[in-house]
Amino acid sequence: MNPIEFKRHRRLRTHPTVRAMVRETSIKAADFIYPLFVTEGENIRNPIASMPGVDQFSIDLLLKETDEVVDLGISSIILFGIPSGKDAVGSGAYDDEGIIQRATRAVKERHPNLVVVADTCLCEYTDHGHCGVIHGMDVDNDASLELLAKTAVSQAKAGADIIAPSNMMDGFVAVIRQALDEAGFQHIPIMSYAVKYASAYYGPFRDAAQSTPQFGDRKTYQMDPANRMEAMREAESDILEGADFLIVKPALSYLDIIRDVKNHVLLPVVAYNVSGEYAMVKAAAQNGWVDEKKIVLETLTSMKRAGADIIMTYHAKDAARWLEEN
Ligand code: PBG
Ligand code: ZN
């Protein structure tokens, strides 16, 4: 009688060093972009209840926070601003003395080699909380574009290294690219939130940035979570318009989309591991229901495995520390 034939996959798992040799994906601190929230005032550090471990910082304390970020080997931060006042057209977003502009100048002066990404949107600056200007009950696409382009130029003037438009207006990459070029910022890349879903996972962020829409929702500009083909259309048009990086957001429920985008494009792909994903892990960890370190490193590894080249994550500092320990 012939012996039963089967494969011995466990041969490659017997020894930790062999496992390390055949490991296909790795994460490192330099892969991360760390999101930070900046607020007016001095000596302010406001914890965000739904995002344990994440705070709003005034500019003076933000600088101390960036010292830690740099020491941990994290390459980059993305800044979100909480302005002192809001209005219908979000004028705080494109004010050269706005919160983000001042924060960017201060951070770049302190850490010239830390890459500062500016999130280009109006929702933190509008009194209605939408990502563009309102006409009737909806966001007016083309009227918003002009303000978003002004915002991007103002952020670049302040020293932002990368412009990351998150507003989901049609044509935002084209209009921002043209405005940056005309203002002499041909060298500044656009990291486009190309594939951004209308997601419940942004809840905690809207507490942190005080940017919850005051009426309606974002479904007329952000994507339907059920759609996959549409993600390819969004990616394709942003490439044609001149994007240099493509973001997929959220990440964890959208790993299939990250892989699709990765397989279809020749640009670096960025996964945004958003606030709600962070909050769920933190809540479970605080209850002792999961091992935070293991869960976080596994989650971030899965995003890289899915095809992300870069990960925006609130876990960046913890993950960088844990990776150093390992
Ligand atoms: C602003 C913006 C949002 C996020 C990043 N930029 C919120 C939104 O679209 O409502 C979400 C980030 C997160 O949840 O961590 N347009
Ligand atoms: Zn917005």
Return the single residue from Ala174, Ala198, Ala284 with maximal mean-square fluctuation; model: Gaussian network over the chain, springs between Cα atoms under 10 Å.
Ala284
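Over all directions, what mean area does the Cα convex hull of segment 25-325 project, stated in square nanometres? Before the final figure, lay out the partial values.
Numbers: hull surface 57.5 nm².
Over every viewing direction, the Cα hull of segment 25-325 projects on average to 14.4 nm².
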Take Asp142 and Asp318, extend 7 Å from each Cα along the Cα→Cβ direction, and tell me the distance between the two endpoints in nm.
4.7 nm
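Heavy-atom accessible area per residue, segment 25-325, 1.4 Å probe: how many Å²?
Here the residues of segment 25-325 average 40 Å² of exposed surface.
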Label point distance in nm, Lys294-Met229, each placed 7 Å from Cα along Cα→Cβ
4.2 nm
Summed side-chain charge close to Leu147 - residues other than Leu147 whose Cβ falls under 12 Å, Lys, Arg +1, Asp, Glu -1:
-4
Within the accessible area of segment 25-325 (1.4 Å probe), percent carbon and sulfur
51 percent
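May I ask you to derive the FRET efficiency for Asp127 and Arg45 from their Cβ-Cβ distance with R0 = 22 Å, giving the value to the nearest 0.05?
That pair, Asp127 with Arg45, gives E of 0.30.
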Between Gln214 and His15, with labels modelled 7 Å along Cα→Cβ, what's the label distance in nm to one decimal, could you check?
6.7 nm
Suppose the chain between Ala284 and Ile4 were pulled fully straight at 0.36 nm per residue; how much longer would it get relative to their current alpha carbon spacing?
96.3 nm
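Taking only the C-alpha atoms, wrap a convex hull around segment 76-222 and report its volume per residue in Å³ as a whole number.
Details: hull volume 15.0 nm³, N = 147.
Convex hull of Cα atoms, per residue: 102 Å³.
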So for the chain: antiparallel DSSP bridges make up what percent, rounded to the nearest 5?
15 percent
Given C-alpha coordinates of segment 1-121, what is the ratio Rg to Rh with the Kirkwood estimate of Rh?
1.30
Taking 0.36 nm per residue of separation between Asp309 and Val115 and subtracting their Cα-Cα distance, the length gained on full extension comes to 68.3 nm
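The values are calculated or read from the model by the stated rules, or taken from the named source; none is laboratory data. Keep in mind it's a predicted model, so treat the numbers as computed, not measured. Counting neighbours? That spans all protein chains shown, and the Cβs are built from the backbone with ideal geometry, glycine included. In case anyone asks, the SASA skips ligands and DNA or RNA and just uses the protein heavy atoms, side chains included. Shrake-Rupley method; radii C 1.70, N 1.55, O 1.52, S 1.80 Å.
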